[in-house]
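Student: Input: one structure, supplied below.
The values are calculated or read from the model by the stated rules, or taken from the named source; none is laboratory data. What you see is a predicted model, and the numbers here were worked out from it, not measured in a lab. Here the Cβ positions follow ideal geometry from the backbone for every residue, glycine too, while neighbour counts run over all protein chains shown. Keep in mind that these areas ignore ligands, DNA and RNA; they rest on the heavy atoms of the full protein, side chains included. Shrake-Rupley method; radii C 1.70, N 1.55, O 1.52, S 1.80 Å.
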Amino acid sequence: METVVEAAGIGKKFGNLSALKDISFQIGTGEVFGFIGPDGAGKTTLFRIITSLMIPDEGKIKVLGHDPVTEFEEIRKHIGYMPGRFSLYQDLSVEENLRFYATVFGTTLEENYHLIRDIYSHIEPFKKRMAGKLSGGMKQKLALSCALIHQPRLLVLDEPTTGVDAVSRSEFWDMLKNLRQYNITIVVSTPYMDEAMRCDRVALIQDGQLLQIGSPGTIRDGFSRKLYSVTAPEKYKLLLALKSFAGTESVFPFGDSVHLTLKEGVTVQAISDYLEKSGVVGVTMRETNAGIEDRFLELMNRK
Amino acid sequence: MKNAVISVHDLVKKFGSFVANDHLSFEVYEGEIFGFLGANGAGKTTALRILSGLSAPTSGKVLVAGFDAARDPEKIKKNIGYMCQKFSLYNDLTVRENIMLYGGIYGMRKALIRERCEELLERLRFMEYGNRLISDLPLGLRQKLAFSVAVLHEPRIVFLDEPTGGVDPITRRQFWEMIYETAARGITIFVTTHYMDEAEYCDRISIMNEGRIVALDTPDGLKNKYRVDSVEEVFVKIVRSGKISV
């Protein structure tokens with residue numbers, strides 16, 4: 001597999017703040033590669049470096065075989081970038097925006113229509129509407145269409161699903177999946193841990209550092225402890241009781257249950273006895289498989 | 001009998017011919033954690049603005065903390081707390097200055113604000129940050145502080161609009177523990193979120209689609225009704241079926 005992005009030891013500082021520390025990774029042709037982490041983790045800074053909009057202080061990076069510092073013109077011809085903030089022309093119509101981006105890259109809407117058809121067809125009925133008047137979901141689709149119109153080899157999407165409801169998020173990922181047939185490499189960032197499952201490989205990022213890189217399966221398998229899912233009708237009471245139990249190693253609420261790991265040698269019986277003594281009733285407890293978020297929490301705690 | 005602190009009957013809000021809120025009726029009880037969910041553009045923000053006294057209903061009756069949203073929006077504002085993801089604290093003021101400012105806006109006595117301020121800093125283990133600018137704090141700390149400031153005046157209800165957006169998974173959970181503690185003190189929590197696992201933490205949730213509340217129950221009640229294992233699946237079923245009907 002050909003390497004599309006290759007980064008080694010990337011570092012970036014803003015004053016005293018280290019936004020990125022020793023970041024190394026490789027992304028291959030046709031991969032959907034996700035950077036998963038909270039706000040302030042460094043995702044946007046990294047994306048600006050990949051897209052040649054910012055120069056790293058340390059390390060080496062190659063994008064599509066070129067150096068973004070000296071050969072940015074070559075790179076910019078072949079990447080599509082969708083920044084986190086809506087940055088199309090609000091006072092141009094939907095269609096005018098698309099035609100503008102196509103023209104800038106020396107192509108036409110007609111020539112590459114097949115690339116954006118699945119996405120653009122949702123907003124085409126509104127093609128005369130000003131971009132500034134679109135709803136959030138429609139803006140997102142237009143921005144993706146504009147980033148794709150010149151058939152880029154690398155698509156860089158900075159938090160395309162932030163603030164978007166669960167159904168629209170899922171539809172957006174379906175659209176990305178459809179782009180695979182054109183062999184476009186996709187680099188995407190998100191704060192939603194569950195979206196990791198939609199990527200081929202992900203990098204977990206926190207405080208400017210990569211915590212782990214791998215396929216979603218590999219990352220889940222990295223979880224090193226036995227994990228229990230515990231439920232009780234009184235969730236908060238259950239959580240407090242588990243927190244106060246001496247044999248608890250970690251305890252986090254997870255949807256309708258609480259995820260628990262125990263210290264070495266602590267038995268399930270001991271914990272049931274303790275919960276009963278604490279007056280928590282209707283407890284169920286079973287072993288469960290760790291998800292990406294369990295692993296993220298484990299790695300954060302270790303730091 | 002449960003005590004309703006929010007009572008909405010036949011709320012309609014129109015913008016021109018567009019119906020943003022289409023005959024909403026529901027109640028929220030004292031000390032309850034109420035999740036207010038919906039697709040983008042479903043009308044949540046419009047409803048939230050009316051409930052917090054920022055916008056008047058076109059018709060219908062809305063009582064919040066005992067006050068009518070059409071007649072007494074100013075009284076509503078004094079009796080609620082509000083926090084959203086995008087803006088809550090002034091970046092160029094220190095932690096203490098923000099607390100003093102908000103306490104003052106809510107009409108609290110200076111001595112009481114000082115007392116609550118120190119209490120709050122200690123409870124959050126924030127003492128070392130008291131004289132730091134908000135802009136110097138990590139996002140997670142800012143969000144926890146913003147929530148504490150929103151309930152500084154012990155309102156009957158606090159409205160949280162996507163309070164945990166973009167926050168790391170540990171802070172997100174600490175934030176929800178603060179919500180549980182606050183609800184246990186009898187303060188009603190009215191919260192919107194796009195994280196479906198957080199919806200599971202609520203006592204009851206409503207799901208809006210195209211201006212209407214199409215589901216309202218406990219998370220377990222909804223899961224049983226739609227025969228699925230998670231609130232996320234309930235949400236997807238409801239919003240998808242809405243889209244087909246259009």
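Student: Can you tell me the orientation of helix A:136-148 relative to chain A, as the angle in degrees between its alpha-carbon axis and the longest Cα principal axis, to the nearest 10?
Tutor: Computed tilt is about 60 degrees.
Student: Additional query: Using modelled backbone amide H atoms (1.01 Å from N, in-plane), which distant-in-sequence or interchain residues come within less than 5 Å of A:Val4's amide H?
Tutor: A:Ile27, A:Gly28, A:Thr29
Student: Still on this structure, please answer the following. Who wins for biggest fluctuation among B:Lys61, B:Lys110, B:Lys223 in a Gaussian network model of chain B, springs between alpha carbons below 10 Å?
Tutor: Fluctuation is largest for B:Lys110.
Student: Given an 8 Å cut-off on Cα distances and at least 6 residues of separation, report the relative contact order of region A:234-303 as a percent.
Tutor: Across region A:234-303, relative contact order equals 26 percent.
Student: So for the protein assembly as shown: antiparallel DSSP bridges make up what percent, rounded to the nearest 5?
Tutor: Close to 60 percent.
Student: Next question. Give the ranking of A:Lys277, A:Lys62 by solvent-accessible surface, highest area first, calculated with a 1.4 Å probe. Mind dumping the intermediate values first?
Tutor: Numbers: A:Lys277 170, A:Lys62 100 Å².
So the residues, ranked largest to smallest area, are A:Lys277, A:Lys62.
Student: Once both axes come from the Cα atoms, what is the angle between helix B:95-105 and the longest principal axis of chain B, in degrees from 0 to 90, rounded to 10?
Tutor: 60 degrees
Student: Rank A:Ile23, A:Ile36, A:Ile50 by mean-square fluctuation in a GNM of chain A with C-alpha springs under 10 angstrom and give only the top-ranked residue.
Tutor: Highest fluctuation of the listed residues: A:Ile23.
Student: Using alpha-carbon positions, what is the distance between the centroids of region A:54-129 and region B:75-140, in Å?
Tutor: Cα centres, region A:54-129 to region B:75-140: 42 Å.
Student: Determine the relative contact order of chain B: mean sequence separation of Cα pairs under 8 Å and six or more apart, normalised by residue count, in whole percent. Can you show the working numbers first?
Tutor: Working: 430 pairs, mean separation 61.9, N = 246.
It rounds to 25 percent for chain B.
Student: May I ask you to find the residues of region B:175-206 that are shielded by at least 40 Å² of accessible area once the whole protein assembly is considered instead of their isolated chain (probe 1.4 Å)?
Tutor: The answer is B:Glu177, B:Tyr180, B:His194, B:Tyr195, B:Glu200, B:Tyr201.
Student: Just need the relative contact order of chain A here, percent rounded to a whole number, with Cα pairs under 8 Å and 6+ apart. All intermediate terms of the calculation are to be shown ahead of the outcome.
Tutor: Numbers: 542 pairs, mean separation 59.9, N = 303.
RCO, chain A: 20 percent.
Student: If I fit a long axis through the Cα atoms of helix A:292-302 and take the longest principal axis of the Cα atoms of chain A, what angle between them do I get, 0 to 90°, rounded to 10?
Tutor: The angle comes out near 70 degrees.
Student: Among A:Gln140, A:Gln151, A:Gln181, which one shows the highest mean-square fluctuation when chain A is modelled as a Gaussian network with alpha-carbon springs under 10 Å?
Tutor: Taking springs between Cα atoms under 10 Å, the residue moving most is A:Gln181.
Student: For B:Val214, project a label point 7 Å along Cα to C-beta. Then give me every residue of region B:36-58 with its amide nitrogen under 18 Å of that point.
Tutor: Hits in region B:36-58 for B:Val214 at 18 Å: B:36-47.
Student: Counting partner chain Cβ atoms within 10 Å of every residue's Cβ in A:108-120, what's the average? Mind dumping the intermediate values first?
Tutor: Numbers: counts 0, 0, 0, 0, 0, 0, 0, 0, 0, 0, 0, 0, 0.
Per-residue shielding by partner chains comes out at 0.
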